[in-house]
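The structure under discussion appears below in the form of structure tokens.
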Amino acid sequence: MRSIVSFAISILFVASPAAAADKLKIGVITTLSSGGAILGEEVRNGAQLGVELLKTRVGGLPTELVILDDQMKPEVGREAAVELVKKHKVDFVIGMIWSNVVLAAVPYLAQEKMITLGTVGGPSELAGQKCSPYFFAFSNQTDQGGEAMGKYLQDTGVNDVAFLAPNYAAGRDILNGFKKYYKGKIVTEILTKLGQPDYQGEISQIRAAGAKAVAAFYPGAMGIQFAQQYEQSGMRAKVPLYGIFLSDVMTLKAQRDTAVGNYDVAYWNFDAPNARSQAFVAAYQAKFSKLPSQYASGTFDAINAIDQAVRATKGNLQDKAALIRNIERWNTSVRGSFAFNANHFPIQDYLLLQVVKTDKGDFVTKTAGVAFKDHKDSYAQDCKMPK
């Protein structure tokens, strides 16, 4: 009789569905010190607003954000990932701006089967052969910013271009993407130190190379310093500057008139016409008294994707496969047209922006066109997603 009872209890235990969790912890890795802090604050703000608008119950569960600073350093980013898993025992990780931080942290997180929603950095390695079912890029595959600007300069017949970017994973990806679509003459390629503050030497190289246009990828403080120094050198009046994530609502506060008229690219802009985007912009302005960047929008999207996935699994955080399936299906981005490719990188539009000065004296990016419609990255074919 005892054997029968024990067998019945064991069957009941196996057959019973896992209990719903009673709380949710989301780890956020971002940059809150060094020259990347103006970007990191946007990631933090997007996460906080997403949770707040869900009444601090993401997926219906009481939710806590654990926010750690990667200091713009890969080794610190990996340490933050370990701390979130081991000490804080988070259920998801989001954030990570810099591709070198992503490449340092994600292999560990994937090994730990931690579902990670990268909201800025999207290195080529993770889009191709090193793709993982546990990693989703909520921003873009980094090459694609370069692809969009390369296509624009090719289509408009701009020649004799100087290309500049910081020498790290994203900078090299951007250059690679630019070359895929720009077939004109690149008179010089300059890769600089990540976080470098002075560009006088590089501006002299551009002048000496006889460039007729400059394409530059410098996010955050680097973009502020490069744009200001380029204007001060007198070069911008002779050689137009085209940005790749160079001018946005964060950097324009300092770039101001030095950027007016410049073109840039993005996967989202605050003037997106869809209702979800407009509601997000209004809520962000109400909370932070400023316009949001695309980095805030991607992080806001990530919180809402987690919300959908956790609700769909009725709070069962142990069913990783079901959570992943539901994130794969998520398509309610503030960007409007959005879907995940088989490598967990977005299929989305890429916008051409122009910097303008408003009647109120503000400096913003205005959507001037669409560089790509429903654009896929070129690495998905190399992704053999592990099951």
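Things to note:
- As a length-normalised measure over Cα pairs under 8 Å and 6 or more apart, the relative contact order of region 76-165 settles at 23 percent.
- For the chain, the longest principal axis of the C-alpha atoms and the axis of helix 221-232 are separated by about 10°.
- DSSP-defined beta bridges in the chain - what % are antiparallel, rounded to 5: 35
- Subtracting the Cα-Cα distance of THR156 and ARG311 from their residue separation scaled by 0.36 nm leaves 51.1 nm.
- With the helix formula -39500 (n - 2.57) applied to DSSP H stretches of n ≥ 4, the chain reaches a computed 222 nm mean residue ellipticity of -12500 deg cm²/dmol.
- Heavy atoms of VAL76 accessible to a 1.4 Å probe, total area in Å² rounded to 10: 20
- The relative contact order of region 282-337, computed from alpha carbon pairs under 8 Å that lie at least 6 residues apart in sequence, is 27 percent.
- Charge dipole magnitude, Cβ of K and R +1, D and E -1 - region 342-387, Cα centre, debye nearest 20: 80
- Nearest-10 value in Å² for the accessible area of MET72, using the 1.4 Å probe: 30
- Solvent exposure ordering (accessible area, 1.4 Å, most first) of SER378, SER277: SER378, SER277
- About its Cα centre, the chain has a charge dipole of approximately 640 debye under the convention of +1 per Lys or Arg Cβ and -1 per Asp or Glu Cβ, with nothing else charged.
- Gained length - ALA208 relative to ALA279, 0.36 nm times residue gap less alpha-carbon distance: 20.7 nm
- Region 297-350-region 165-190 distance, computed between alpha-carbon centres (Å): 31
- Residue (of ASN100, ASN176, SER124) at the positive-pole extreme of region 85-188, dipole from beta-carbon charges: ASN100
- Shape category assigned to region 198-341 from the gyration tensor of Cα positions, a/c cut at 1.5: prolate
- Of the residues PHE280, PHE340, the one with the largest accessible area comes first in the ranking PHE340, PHE280, computed with a 1.4 Å probe on protein heavy atoms.
- Selection from SER33, ALA47, ILE327 lying farthest towards where the dipole of the chain points positive, charges on Cβ: ILE327
- Close Lys pairs in region 235-387 (alpha-carbon distance under 23 Å; sequence gap of 8 or more, or different chains): 17.
- Distant-in-sequence amide contacts of LEU194, defined by a placed amide H-H separation under 5 Å and a gap of 5 or more residues or a different chain, comprise ASN167.
- Shape of region 175-269, Cα gyration tensor, a/c cut at 1.5: rounded
- Estimated dipole of region 240-366 in Debye, rounded to 20 [Cβ of Lys and Arg +1, of Asp and Glu -1, Cα centre]: 320
- Sequence of ARG329, ARG44, ARG311 from largest to smallest accessible area, 1.4 Å probe: ARG329, ARG311, ARG44
- Label point distance in nm, THR358-GLU189, each placed 7 Å from Cα along Cα→Cβ: 4.0
- Shape class of region 266-387 from the alpha-carbon gyration tensor: oblate, with a/c at 1.5 or above and b/c at least as large as a/b.
- Counting only protein heavy atoms and using a 1.4 Å probe, the accessible area of LYS179 comes to about 80 Å².
- Length-normalised contact order for the chain - Cα pairs under 8 Å, 6+ apart - percent: 18
- Here the calculated FRET efficiency for ARG57 and GLN129, from their Cβ-Cβ distance with R0 = 56 Å, stands at 0.90, rounded to the nearest 0.05.
- Between region 21-100 and region 238-274, the Cα center-to-center distance that results, in Å: 27
- Estimated from the Cβ-Cβ distance and a Förster radius of 30 angstrom, the FRET efficiency linking GLN232 and LYS373 is about 0.20.
The values are calculated or read from the model by the stated rules, or taken from the named source; none is laboratory data. A quick note: this is a predicted structure, and the numbers were derived from the prediction, not measured. Here the Cβ is made from the backbone with ideal geometry for all residues, glycine too, and neighbour counts use every protein chain on show. For accessibility, only protein heavy atoms count, side chains too; no ligands or nucleic acids. Shrake-Rupley method; radii C 1.70, N 1.55, O 1.52, S 1.80 Å.
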